[in-house]
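Asks: Questions regarding the structure given below will be posed in turn.
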Amino acid sequence: MNLSRLREDFPALHQRVHGKLLVYLDNAATSQKPKAVIDAISRYYAYDNANVHRGIHALAERATVAYEGARARIARFIGAPAPETVVFTKNASEAINMVAYAWGGVHVREGDVIVTTPMEHHSNLIPWQQLARRTRATLRYFGLTPDGRLDLSNLDQLIDERTRIVAVTHVSNVLGTVNPVRRIAQRAREVGAVCLVDGAQSVPHMPVNVQELDCDFLAFSGHKMCGPMGVGVLYGRPELLAQMEPFLFGGEMISKVTLEEATWKDAPHRFEAGTPNVGGVIGLGAAVEYLEAIGMENIWRHEVELSRYCIERMREAIPEVIIYGPEGERAGLVCFNVPGVHPHDLAQVLDRDGVAIRAGHHCAQPLMRLLGTPATARASTYLYNTKEEIDIFVSALIRAKEFFA
Ligand code: C6P
């Protein structure tokens, strides 16, 4: 990867913040966008803007071809068996809620079990809590090992014949742990349960193939993978999508409507009521094309190396730093605390040095409770970050620590 050439593609990276060159390390919250994506979206609005699947005129035809072309490209990107298995949503949260309502509402009943983990983002936790409340199903959780991995020692008891769905994150947005989702999905299949994988922090960073993972559903967001905000994806196994009732009702998802009743189109259109985010989908298609040209394997290797380097440099510079999550291979994000300094204060002081990190509970309050802290700071990398930026971040961290000493 030629990082200096690649960085030229991202206009946002070349600005000064408080007089300092921006070091953007908040990629787990959202990534920056390359020119190719910005241009694809503005080209659509400048020349091809029309509603999809409705018009018979040239612009409508072009918009529809671009929209469905993006669907096919995104399906290939995640190894999906067909474009029809890719449903566009507004983000990963909506994709997960769709499964909790449209699949869970029909298949989960009183006495059934929903299995998830304590390291979930709220988006892959609250929909299941709510489903359990509505249906009187039981929620069951994986245990965590002291180093922040899922405890698989009781997998067969945890996921048993009463289990209907297992919802698990592929990569933790706090610990950086990469979970063995294939093994979990296979156990779910053995007992006739389905497995939903939250790919919000994996699909942007590593090769993900739904057929290799053998999962039933995969949810992710476009904005964390160089795409625009307001577009996300739900992949679903074709047989499951075919059985699922719609989640939202309205235009374009119907087959036939009378005053008394209505029938639905097949997936994916059955799940895309109303005018979709056409520009967003086209932008996400361009983002996938951009990432594919660089190669997901290259991006993953780069980020694993950056997180290894970052942790090493932080420990050298501040030996008392607390770093959360496993040792060894982990995703390119590092949650940490400097004893005696509130993470919000740290983030604010780093911002004065042009370094953007996130501080807070990262929408994972139950996990924070398990870690014994209300909040952490988090530095998260992406394909365009460099070791020089990690050095700038660590120097700023030392200055911040001295400031509060
Ligand atoms: N995590 C973070 O800073 P949405 O907001 O729907 O695009 O993505 C939700 C989501 C789901 N799962 C995981 C593992 C996530 O990390 C996120 C988003 C961001 O960590 C924003 S809170």
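The values are calculated or read from the model by the stated rules, or taken from the named source; none is laboratory data. Only a predicted model underlies this, so the values are computations on that prediction, with no experimental measurement involved. No Cβ is skipped: glycine too gets one built from the backbone with ideal geometry, and neighbour counts run over all protein chains shown. The accessibility values were calculated without ligands, DNA or RNA, using every heavy atom of the protein model including side chains. Shrake-Rupley method; radii C 1.70, N 1.55, O 1.52, S 1.80 Å.
Asks: So I322 ticks every box in (1) open to solvent by 60 Å² or more (accessible area, probe 1.4 Å); (2) of a type in the set (A, V, I, L, M); (3) within 24 Å of L21 (Cβ to Cβ) but one. Which box is left unticked?
Replies: For I322, the failing item is (3).
Asks: Which of the residues spanning the range 350-380 are part of a helix (DSSP H, G or I) and in contact with a Pro (Cβ under 7 Å, 6 or more places away or on another chain)? It would help to see each step written out before you state the result.
Replies: First, the residues of the range 350-380 that are part of a helix (DSSP H, G or I): 350-352, 365-371.
If the condition is that a residue be part of a helix (DSSP H, G or I) and in contact with a Pro (Cβ under 7 Å, 6 or more places away or on another chain), then P366, L367, M368, L370 are the ones that fit.
Asks: Could you list, ordered by first residue, the pairs with Cβ atoms under 6 Å in which the first is in the range 24-51 and more than 14 Å from the ligand (Cβ to nearest atom) and the second is open to solvent by 20 Å² or more (accessible area, probe 1.4 Å) and not in a loop (DSSP other than H, G, I, E, B), at least 6 apart or interchain?
Replies: These pairs meet every condition: Q32/A12; P34/Y290; A36/Y290; A40/I282; Y44/I282; D48/L59; D48/R62; A50/L59.
Asks: When the residues of the range 70-91 are filtered to those that are of a type in the set (A, V, I, L, M, F, W, C) and either open to solvent by less than 10 Å² (accessible area, probe 1.4 Å) or part of a loop (DSSP other than H, G, I, E, B) (or both), which remaining residue is farthest from the ligand (Cβ to nearest atom)?
Replies: Per the criteria, the residue is A82.
Asks: Here is a follow-up. Hey, among R62, R73, which residue is touching an Asp or Glu at 6+ places or on another chain (Cβ under 7 Å) and within 30 Å of V181 (Cβ to Cβ)?
Replies: Details: R62 fails: within 30 Å of V181 (Cβ to Cβ).
Criteria check complete, one pass: R73.
Asks: Here's something else I'd like to know. What's the total number of residues in the range 203-214 that are surrounded by fewer than 23 Cβ atoms within 10 Å (Cβ to Cβ) and under 14 Å from the mean Cα position of the chain (by Cα)?
Replies: 2
Asks: Additional query: Return the residues of the range 99-150 that are open to solvent by less than 50 Å² (accessible area, probe 1.4 Å), hydroxyl-bearing (S, T, Y) and under 22 Å from the mean Cα position of the chain (by Cα); say none if nothing qualifies.
Replies: Scanning the range 99-150 gives T116, T117, S123.
Asks: Can you spot a residue in the range 151-164 that is within 19 Å of the chain's Cα centre (by Cα), away from the ligand (no atom under 15 Å from the Cβ) and either part of a helix (DSSP H, G or I) or closer than 30 Å to A286 by Cβ (or both)? Please lay out each step first, then the result.
Replies: Pass one, the range 151-164, residues within 19 Å of the chain's Cα centre (by Cα): none.
Checking the range 151-164: not a single residue is within 19 Å of the chain's Cα centre (by Cα), away from the ligand (no atom under 15 Å from the Cβ) and either part of a helix (DSSP H, G or I) or closer than 30 Å to A286 by Cβ (or both).
Asks: State all residues of the range 361-405 that are open to solvent by 10 Å² or more (accessible area, probe 1.4 Å) and on the phi > 0 side of the Ramachandran plot; if no residue qualifies, say none.
Replies: Within the range 361-405, C363, G372 qualify.
Asks: So, L218, is that one within 16 Å of the ligand (Cβ to nearest atom), open to solvent by less than 10 Å² (accessible area, probe 1.4 Å), hydrophobic (A, V, I, L, M, F, W, C) and closer than 18 Å to N97 by Cβ or not?
Replies: Numbers: within 16 Å of the ligand (Cβ to nearest atom): yes; open to solvent by less than 10 Å² (accessible area, probe 1.4 Å): yes; hydrophobic (A, V, I, L, M, F, W, C): yes; closer than 18 Å to N97 by Cβ: yes.
Judged against the criteria, L218 is a match.
Asks: Kindly evaluate M98 against the criterion of being part of a helix (DSSP H, G or I) and either within 16 Å of the ligand (Cβ to nearest atom) or on the phi > 0 side of the Ramachandran plot (or both).
Replies: Values: part of a helix (DSSP H, G or I): yes; either within 16 Å of the ligand (Cβ to nearest atom) or on the phi > 0 side of the Ramachandran plot (or both): yes.
So M98 passes the test.
Asks: Run down E327, E289, E297 and say which single residue is more than 30 Å from A72 (Cα to Cα) and open to solvent by 60 Å² or more (accessible area, probe 1.4 Å). Step through it out loud before you land on a result.
Replies: Details: E289 fails: more than 30 Å from A72 (Cα to Cα); E297 fails: more than 30 Å from A72 (Cα to Cα).
None of the other options fit; the residue is E327.
Asks: Kindly indicate whether F247 is part of a strand (DSSP E or B) and touching a helix residue (DSSP H, G or I) at 6+ places or on another chain (Cβ under 8 Å). Steps first, please.
Replies: On the way: part of a strand (DSSP E or B): no; touching a helix residue (DSSP H, G or I) at 6+ places or on another chain (Cβ under 8 Å): yes.
So F247 does not fit the description; no.
Asks: Return yes when R358 is open to solvent by 10 Å² or more (accessible area, probe 1.4 Å), within 24 Å of T117 (Cα to Cα), touching a Lys or Arg at 6+ places or on another chain (Cβ under 6 Å) and within 12 Å of the ligand (Cβ to nearest atom) and no when it is not. Spell out how you get there, then give the answer.
Replies: Values: open to solvent by 10 Å² or more (accessible area, probe 1.4 Å): yes; within 24 Å of T117 (Cα to Cα): yes; touching a Lys or Arg at 6+ places or on another chain (Cβ under 6 Å): yes; within 12 Å of the ligand (Cβ to nearest atom): yes.
Here the answer is yes, as R358 does meet what is asked.
Asks: What number goes with the only condition from (1) assigned to a loop (DSSP other than H, G, I, E, B); (2) more than 16 Å from the ligand (Cβ to nearest atom); (3) more than 30 Å from A66 (Cα to Cα) that L383 does not pass?
Replies: With respect to (1) assigned to a loop (DSSP other than H, G, I, E, B); (2) more than 16 Å from the ligand (Cβ to nearest atom); (3) more than 30 Å from A66 (Cα to Cα), L383 is out only on (3).
Asks: Of the conditions (1) surrounded by fewer than 24 Cβ atoms within 10 Å (Cβ to Cβ); (2) within 14 Å of the ligand (Cβ to nearest atom); (3) more than 30 Å from T263 (Cα to Cα), G199 clears all except one; give me its number.
Replies: All conditions are met except number (1).
Asks: Continuing with the same structure: I want to confirm something. Restricting to the range 52-68 and keeping residues that are within 29 Å of the chain's Cα centre (by Cα) and touching a residue at least 24 places away in the same chain (Cβ under 8 Å), which single residue is surrounded by the most Cβ atoms within 10 Å (Cβ to Cβ)?
Replies: Among residues in the range 52-68 that are within 29 Å of the chain's Cα centre (by Cα) and touching a residue at least 24 places away in the same chain (Cβ under 8 Å), the one surrounded by the most Cβ atoms within 10 Å (Cβ to Cβ) is A63.
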